[in-house]
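A quick write-up on the structure given underneath.
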Amino acid sequence: MVNSGLSALLFLTSLGASALGGALGMASGIFIVPILTTAFGFNVHLAIAASLVSVIACSCASAAPFLRDGFTNIRVAIVLEVATTIGALSGIALSGLLSNQILYGLFAFILIVSAKQMLAKREDIAETINSVAMRDVATLLRLHSSYPSQDGRTIQYRVQRVPLGLGFMYGAGLLSALLGIGSGVLKIPAMDAALRLPIKVSSATSNFMIGVTAAASAAAYFVRGDIHPGLAAPIALGSVLGAVFGGKLLMSLSGERTRLFFVVVLVALAFQMTLLALGVEL
Amino acid sequence: MNQENDTSDFFGRKNLETFLANLLSWGTMAACAIIASGMTISFTSSNSILSTRLINIGIALFLFLPIARVSVMTIAFVKQLDFVFALIGFLVLLIIAMSAAVSMGLY
């Protein structure tokens, strides 16, 4: 089914998708699934299974520097992972019931929401700790933490509205299992708007978490035998290299024009997925 | 920079984060090496059983890495006597196990 030429093409596609995704602080699933189904003509279930492996590869490959520099909040991550894995479990139970057409339609919708989100600038609305002791869930669980600023200072921050964050994360886990994506589209609002984490902390923590969310659903696909080795292998390798490049690109590619380019790509992919959902052959 | 408890014990914040970083980066390199060798074999010889097996081992290692990461965190929380977080970690592992079990039951 997969020869060396096709493997090379899949490898390059996933390298590009992960580098671009990484440059935007997202996983590559949102690009990989539509490309595999529309350009390569793979079955959507195979594409989702392969994409989940690439999400895990992206997460593992790019976690280390964020952890070493102290940006990842591992306590917040594990609390939210309870919600994302329960979401993934619900998604797995649902996935057999939904037709390909519904999956394509749902994917098109998520692409449009992502495009809209990309147009809105992410603002840092984190509050630094003032010594008022508040009795909320985040305080009880000792989730507040600190991260290093560029000039070497330690900046303390407070975590807020944990229950709302858990709700968003349940949805993120559900979409992740159904569509084979990292669900940045729901994780970004959960981390930025609900928990009010500083942007660097939320990017690092979200990236750290997507591996576990995807592992819950990928394990299920693996057990079912839906992860095709010839398809997943070049995609996993491409994702690791792409994630490493993407992290570096993140610094140089944050201009408005790049953002606009991605919006165009997302809308084009959404259009194609809508056609597939409606059963239109081009 | 404050130095409080960060580096004093093995399961302190800094050491645990460094350990997780090493686990994930070495694990990623190992999984990539195994997958790449499987692909090389598939292109250069006709031993497709060996190459498929190697690729599957590499993919399984990728799937195992996040699970190993949650397990290490759970053990660290137990050692820190932070039983609420140990329980949360255990719960995450249990849900992942249930996801695999549910799909085996469904298909």
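The values are calculated or read from the model by the stated rules, or taken from the named source; none is laboratory data. Only a predicted model underlies this, so the values are computations on that prediction, with no experimental measurement involved. Here the Cβ positions follow ideal geometry from the backbone for every residue, glycine too, while neighbour counts run over all protein chains shown.
Just a few scattered comments:
Results for (1) under 25 Å from B:Ala31 (Cβ atoms); (2) in contact (Cβ under 8 Å) with a residue 24 or more places away in the chain; (3) hydroxyl-bearing (Ser, Thr, Tyr), shown as yes or no for each residue.
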{"residue": "A:Gly16", "(1), (2), (3)": "yes, yes, no"}
{"residue": "A:Ile30", "(1), (2), (3)": "yes, yes, no"}
{"residue": "A:Pro34", "(1), (2), (3)": "no, yes, no"}
{"residue": "A:Asp69", "(1), (2), (3)": "yes, yes, no"}
{"residue": "A:Ile78", "(1), (2), (3)": "yes, no, no"}
{"residue": "A:Gly91", "(1), (2), (3)": "yes, yes, no"}
{"residue": "A:Ile110", "(1), (2), (3)": "no, yes, no"}
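- Any chance A:Arg153 is free of Cβ contacts under 8 Å to residues at least 40 places away in the same chain and charged (D, E, K, R): yes
- Residue ID - surrounded by the most Cβ atoms within 10 Å (Cβ to Cβ), chosen from residues in segment A:205-249 that are more than 19 Å from A:Ile35 (Cα to Cα), over 17 Å from the mean Cα position of the chain (by Cα) and within 10 Å of chain B (Cβ to nearest Cβ): A:Ala220
- Counting only residues that are at pLDDT 85 or above, β-branched (Val, Ile, Thr) and under 30 Å from B:Phe43 (Cα atoms), segment A:196-232 holds 1 of them.
- Residue list for segment A:156-167, restricted to those being part of a helix (DSSP H, G or I) and surrounded by 24 or more Cβ atoms within 10 Å (Cβ to Cβ): A:Gly165
- Matching residues, segment B:35-49, being more than 10 Å from every other protein chain (Cβ to nearest Cβ) and surrounded by 13 or more Cβ atoms within 10 Å (Cβ to Cβ): B:Ser37, B:Ile41
- Residue in segment B:55-81 that is nearest to the chain's Cα centre (by Cα), counting only those that are over 20 Å from B:Asn22 (Cβ atoms) and at the interface with another protein chain (Cβ under 9 Å from one of its Cβ atoms): B:Ala60
- Some residue of segment B:90-105 being outside any helix (DSSP H, G or I), surrounded by fewer than 20 Cβ atoms within 10 Å (Cβ to Cβ) and more than 7 Å from every other protein chain (Cβ to nearest Cβ): no
- For segment B:25-69, a residue qualifies if it is among the polar types (S, T, N, Q) and either at pLDDT 95 or above or part of a helix (DSSP H, G or I) (or both), and the qualifying residues are B:Ser25, B:Thr28, B:Ser37, B:Thr40, B:Ser42, B:Thr44, B:Ser48, B:Ser51, B:Thr52, B:Asn56.
- Verdict on A:Ala193 being modelled with pLDDT of 85 or more and either basic (Lys, Arg) or not in a strand (DSSP E or B) (or both): no
- Filter result for A:Ala64 (out of contact with any Cys (no Cβ under 7 Å at 6 or more places or on another chain), surrounded by fewer than 23 Cβ atoms within 10 Å (Cβ to Cβ) and at the interface with chain B (Cβ under 7 Å from one of its Cβ atoms)): yes
- Among (1) at pLDDT below 85; (2) assigned to a helix (DSSP H, G or I); (3) within 20 Å of B:Asp82 (Cβ to Cβ), the one test that A:Met118 misses: (3)
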